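Everything below concerns the one structure shown next.
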Amino acid sequence: MLTISSVTRATHPHPVSCHDAATACSPPAEAAAAPPSTARLAFFHAALYLLALAQGFHNPCSEAFGADQFAPPSDPGARASRSSYFNWYHFFNSCGYAISNSALSYVEDSVSWTLGFAACLVMTAVYLPVFLLGTGTYRAEQPVHGGGSTLARLAESSSLAARAWTARAFGRKDAICTERLLAKEEVEHGKGLFVKLLPIWLTSIVFAAVVSQQSTLFTKQGSTMDRRVGGIVVPAAALNCVVSFTMITLVPVYDRAVVPLARRFTGHPAGVTTLQRVGAGMATSCLAMVVAALVEARRLRAASDASLVDRPGATVPMGVWWLVPQYLLVGLAKVFGDIGLDEFFYDQAPDGLRSVGLAVSLSVLGVGNYVSGVLVSVIDTATRSGGESWFSDDLNRAHLDYFYWILAAFAALEVVVFVYIAKRYIYKNKGEP
């Protein structure tokens, strides 16, 4: 559908000019096309929603399906292999993201959107038959029988867990009775998924909000800077490939060097526990925001020194490579945090709901994006009423550095709360210390 929507109108980009600090790295104004019709917009947005729906089905199920190919969780020898699997799953995902953020971004920005979408269509048509060829060799987890539907038992036990929590919170007389019911094995599944895991999920939202800046505000920063590399102007969106290349580089190092070294000291099959890994990712994301704030303050000074404060279309005389450290730190944070969260929620979810556990993990990223958007809207409204918005259309008059400092403060607070909760978390009998 995206390919069709791009064919229905001219999508060959006009040449981009970026010759000096006074010229924006963008197409000329006369290149602007007529606005699309309502029908075309509806068709395009339908394609985007279908893509989001496909990702919702594919991402948690494919990752859980791959982890299910290893021995059952009760086998201690499979723990190290399964932990390594999550590393390599994200490694190959990062390879795909790197291609899309570099090669495809350049094709779509400089050649044709249609060609870029068509390339994705061809690759999808190729890998689906390849995946189906292995159908006879895959290890399929059998559904859990007995006791009714897994989802029905989950809903019932979650309701009971909520009743127990309110009974304790408000000192009701039936609290002891409800606690006894919760002690039964058949309701431990729901309690483990929704009550025990909820604090970990909640304390991961700020981490997700920080990581989401790589494809939003970081890209906006890059669009104002000098992006020339030789005779090529690097698309601002292509900067996201720095995160992917960071993961491609560091995941093998972590899996083949850091984990065996850590295992010698801790005795843990994965080197460190999943929550320790997530905590390291959160701390790194906090550092990424500190660096981003300092770099943005430097960019604003460069714009002021070049008298570009009131020239939003001008290119700031500052190389885009100044943004590389914050992208690198976000990539490192994802190596620890993203992969750690996926492994944690898969490992701690009920045996019949592992794909749901991964869906819960991935939902952190979606909620983090929404939280970031809400925070931007609130701050924008508050600062706009008092004068110049922190998110002014003219980034040279904005203050993204202040916003980054706020995120850094939230991230630091998140680390403190997360450590408190993680120390008291009891793992689900999987050999975790």
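The values are calculated or read from the model by the stated rules, or taken from the named source; none is laboratory data. Note that the coordinates shown come from a computational prediction; the quantities given were computed from them, not determined experimentally. When we count neighbours, we look across all protein chains shown, and the Cβ atoms used for this are built from the backbone with ideal geometry, even at glycine.
Only a single criterion out of (1) crowded, with 18+ Cβ neighbours inside 10 Å; (2) of a type in the set (A, V, I, L, M, F, W, C); (3) farther than 19 Å from PHE403 by Cβ; (4) at pLDDT 90 or above is not satisfied by TRP321, namely (1).
If I filter the stretch 385-398 down to residues being free of Cβ contacts under 8 Å to residues at least 24 places away in the same chain and within 18 Å of ARG301 (Cα to Cα), which single residue comes out as surrounded by the most Cβ atoms within 10 Å (Cβ to Cβ)? Restricting to residues being free of Cβ contacts under 8 Å to residues at least 24 places away in the same chain and within 18 Å of ARG301 (Cα to Cα), the top hit is ALA398.
Yes/no matrix, rows are residues, columns are (1) out of contact with any strand residue (DSSP E or B) (no Cβ under 9 Å at 6 or more places or on another chain); (2) hydroxyl-bearing (Ser, Thr, Tyr):
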site: ASP226; (1), (2): no, no
site: VAL229; (1), (2): yes, no
site: PRO269; (1), (2): yes, no
site: THR273; (1), (2): yes, yes
site: GLY279; (1), (2): yes, no
site: CYS286; (1), (2): yes, no
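Can you report the number of residues in the stretch 330-356 which are buried (at least 23 other Cβ atoms within 10 Å of the Cβ) and among the aliphatic types (A, V, I, L, M)? Qualifying residue count, the stretch 330-356: 6. Within the stretch 298-308, at least one residue is assigned to a loop (DSSP other than H, G, I, E, B), among the small types (Gly, Ala, Ser) and assigned by TED's automatic domain parsing to the domain that holds ARG82.
When we screen GLY222, GLY267, GLY281 for residues that are more than 24 Å from GLU343 (Cβ to Cβ) and not aliphatic (A, V, I, L, M), the only hit is GLY222. Filtering the stretch 347-386 to residues that are closer than 17 Å to TYR404 by Cα, in contact with a Leu (Cβ under 9 Å, 6 or more places away or on another chain) and hydrophobic (A, V, I, L, M, F, W, C) leaves LEU375, VAL376.
For ASP380, the requirement of being more than 21 Å from ASN87 (Cα to Cα) and in the same structural domain as ARG82 (by TED's automatic domain parsing) is met. Based on this model, can you work out whether ILE248 counts as under 25 Å from GLU414 (Cβ atoms), touching a Phe, Trp or Tyr at 6+ places or on another chain (Cβ under 7 Å), part of a helix (DSSP H, G or I) and in contact (Cβ under 8 Å) with a residue 12 or more places away in the chain? Taking the combined requirement at face value, the residue does not satisfy it.
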